[in-house]
Structure formats: structure tokens, C-alpha cells
Amino acid sequence: MAWNQPGNGNNNDRDPWKNQGGRDQGPPDLDEAIRNLLGKLGLGGNKGNGGGANKSGGGMPSRGIGVIVILAVVIWFIAGFYTVKEAERGIVLRFGQYHNLVESGLHWRPFLVDTVETVDVSNVQQFQSEGFMLTQDENVVHVELDVQYRIVNPRDYLFAVENADRSLAQATDSALRFVVGHTTMDEVLTVGRESVRQNTLELLENIIAPYQLGIQVVDVNLLPARPPEAVKDAFDDAIAAQEDEQRFIREAEAYAREIEPLARGQVRRILQEAQAYREQTVLKAQGEIARFQELLPQYKAAPVVTRERLYLETLEKIYSNTAKVMVDVEGSNNMMYLPLDKILEKQRATEQPARSEAQGTNSSPTRSSNNNESSNSSRSNNSVRTSDRFNDGRG
């Protein structure tokens with residue numbers, strides 16, 4: 001209701017702070033409210049007349065200090081909460097001294113008493129070590145090494161040495177210079193890069209082990225090294241020549257892989273042919289043995305006839321496979337040789353193709369018959385002479 005609202009008994013100056021009895025209540029006392037609050041909390045506030053005197057006198061500063069203390073305690077408690085990320089670990093220091101190690105999550109510490117330093121233990125970190133280095137053959141080469149590492153012990157990483165990252169970089173530079181100093185320049189530039197990388201990794205792990213850096217070296221990668229600019233062209237030519245050498249070696253190996261199966265096939269075929277020839281020869285020899293064994297009783301029964309028959313059969317086989325004609329002249333020890341095959345070849349070469357075809361069909365039977373008659377007559381004469389010689393020999 002408004003103060004001057006009609007119906008208030010014409011009392012337009014009605015004070016809302018006055019009670020119904022007309023006594024002046026006045027506005028609420030803020031100091032009294034705070035003092036009552038502190039009293040309930042057990043932090044101060046006088047009662048009775050002393051309280052009234054304190055209210056009118058110097059009570060306000062003591063109540064303000066209490067409020068400030070409460071607010072400071074609340075702020076101090078809230079400030080003690082902190083969060084450690086998933087990939088990190090927290091190192092709690094109490095008055096600057098190591099206290100404990102906390103995992104990831106929400107934690108609380110006494111503010112201004114404990115301090116927390118977080119260390120990333122999950123992600124892999126890296127750096128590069130590079131510089132001009134002297135090789136074993138007294139050449140200067142520029143080498144770059146990429147090192148990847150991970151923190152495995154946060155306490156050692158923070159407190160074992162003054163600066164673990166710088167100590168790792170110095171150890172890497174020392175290990176790399178030692179390995180390069182015991183390697184030739186050609187090996188560093190070309191074929192020996194993997195060996196340099198592996199040796200550097202092993203030596204680096206041995207160097208940092210006594211210092212307990214809290215660091216694990218994951219891997220090292222040797223970047224392509226290069227010679228000084230003054231001799232770069234010459235080394236580029238040398239590298240190109242080595243690459244050509246490797247290419248020729250691979251081509252030769254490919255050619256060998258292509259030829260080797262063919263050679264093996266030929267060897268296998270020759271072996272099979274030799275085995276077949278061996279078996280054929282053995283079987284043929286065994287057949288000849290069997291045939292002679294069958295002729296042996298006949299030869300013992302009639303040696304002269306058997307000898308002549310074998311001789312004639314042998315001559316028949318020989319003359320059946322040749323075009324040569326042998327003529328025995330009666331009353332002479334000489335035999336005439338007629339090379340009819342050579343004569344026929346010359347005659348065919350000199351005649352015209354058409355005439356040679358026409359005459360070839362007509363003259364071939366005659367000539368073959370003449371040749372057969374000559375061969376038959378010579379065979380008969382030879383057989384007669386042979387029999388006479390055998391008879392004379394026996395006589």
C-alpha cells in the first residue's frame with residue numbers, strides 16, 4: 001500500500017518503518033546483521049551492553065576482519081583445486097621439495113604450500129642435431145640427425161639434471177660426431193647411412209643411461225648428408241656412379257633369374273637324353289649279345305658257311321646306305337671307285353630346271369636299275385672272291 005493511499009485515515013505521512021503502536025522502528029542495521037552472522041559462526045560479536053558500546057564505538061573493524069578471513073579461507077580452498085591433463089603427470093612440490101606424483105584428473109592441494117608442475121609423458125617430442133663433422137678419411141660433411149624421444153620418469157626429468165632436453169641434445173651431438181668420425185665419407189653419404197643411424201642410437205642410449213634423464217629415445221633418423229659446396233659436384237657424380245652400379249647389379253641379377261630356369265631346363269633335357277641314349281645303347285648291346293649267343297651254336301656246327309653269311313650281311317648293310325659304286329676288275333688286285341652321287345649332283349646343277357624335272361622322271365628308274373645291277377654284280381663278284389679267299393685261306 002502506498003503511503004498516501006486514500007483510506008488511511010487522512011494520514012498521508014504514514015511511515016512504513018513505524019509499527020502499529022506508532023513506535024519508530026527505523027531501517028535494519030547492517031552491522032547488527034553481520035554481527036549476528038558472526039555470532040552464529042562463533043567468530044565474534046559482544047552481547048548486552050558491551051555489544052551496544054562496541055556497536056557505537058570500534059566494533060566495525062573487528063567484524064570486517066572476520067569477514068575478510070572467511071572470504072580468504074574460501075578463496076584459498078577453491079584455489080587449491082587443479083586439473084592434470086590426460087597426457088600429463090603432475091609433480092607436487094611441498095615448500096619446493098618433491099612430495100609425490102599425481103596422475104591425470106582433478107586434484108586438490110594446499111594453496112601456497114604445495115605447487116604442481118605438469119610434464120607431458122604421452123606425446124613424442126623431437127629435435128634436430130646438425131653440423132659439419134670430420135669423417136675417418138679426413139673429409140668434412142654436413143650431417144643432420146632427427147631425434148625422437150619420450151619422457152618416462154617425470155621426477156628424473158625435472159630434478160636429475162638441470163635441463164634434461166639440453167643434456168640430451170649435447171649427448172646426441174657427441175654420439176653423432178663419434179660415429180661419423182669413425183666412418184668414411186662415402187659410407188655416410190651412400191651405403192653406410194643405416195649403419196651410422198643404428199650406431200648413433202646405441203651409443204646415445206649408453207651415454208644418457210648414467211645420467212638418469214627420465215627420457216627414452218624412441219628413434220633417430222639420419223637425414224641425407226651432403227658434402228661442402230666446394231666439392232658437391234664431384235660427390236654428386238660419385239653418387240650417380242654408385243647408383244648406376246647398383247642398377248647394373250640389379251639388372252644382372254634379373255637377367256640371371258631369367259636365364260637360370262632356361263639353363264636348368266636344358267641341363268635336365270641333356271641329362272634325360274643321355275640317360276635315354278645310355279639305356280638304348282645298353283639294350284642294343286644286350287640284343288647283340290643275345291644274337292651272337294644264338295649264332296654261336298650254328299657257327300660251331302658250320303663255321304665256314306656262318307662266317308661267309310655274316311660277311312655278306314655286313315657288306316649288304318654297308319652298301320645299302322651309300323651311293324658309291326666299287327668295281328672289281330678281273331685279273332687285277334685294284335678296285336675302281338665310281339662316285340655316282342657326285343656325278344649326278346653335278347649333272348643336275350648344269351641342266352635346266354624344267355628339263356631336269358622331265359628327264360628326272362624317265363631316267364631315274366633306269367639309273368637306279370643300272371646302279372642296282374652294278375651293285376648286285378659287284379656284290380656277287382665280291383662274294384665269290386671272298387669265298388675263294390676264305391677257301392684259299394683254309395686250304
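Computed from the coordinates by the stated procedures, all read-outs in this text should not be read as laboratory data. Just so it is clear, the structure is predicted and the values come from calculations on it, not from any experiment. Reconstructed Cβ throughout: ideal geometry from the backbone, glycine too, with neighbour counts over all protein chains shown.
Tabulated data
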read-out	value
Kirkwood hydrodynamic radius over Cα pairs of the stretch 230-285, then Stokes diffusion coefficient at 20 °C and 1.002 mPa s, in µm²/s	141
Lys, Arg +1 and Asp, Glu -1 on Cβ, resulting dipole of the stretch 230-285 about Cα centre, debye, nearest 20	780
Restricting the stretch 77-142 to chymotrypsin sites (Phe, Trp or Tyr not before Pro) in coil, as DSSP defines it, with at most 16 other Cβ within 10 Å	PHE95
The stretch 109-123 - phi-based ³J(HN,Hα) in whole Hz, Karplus 6.51/-1.76/1.60, Gly and Pro as x	9, x, 5, 6, 9, 10, 10, 10, 10, 9, 10, 7, 10, 9, 6
Taking all pairs of distinct alpha-carbon atoms in the stretch 62-175, Kirkwood radius in angstrom	17.8
Value of relative contact order over the stretch 125-227, rounded to a whole percent, pairs C-alpha under 8 Å and six or more apart	42
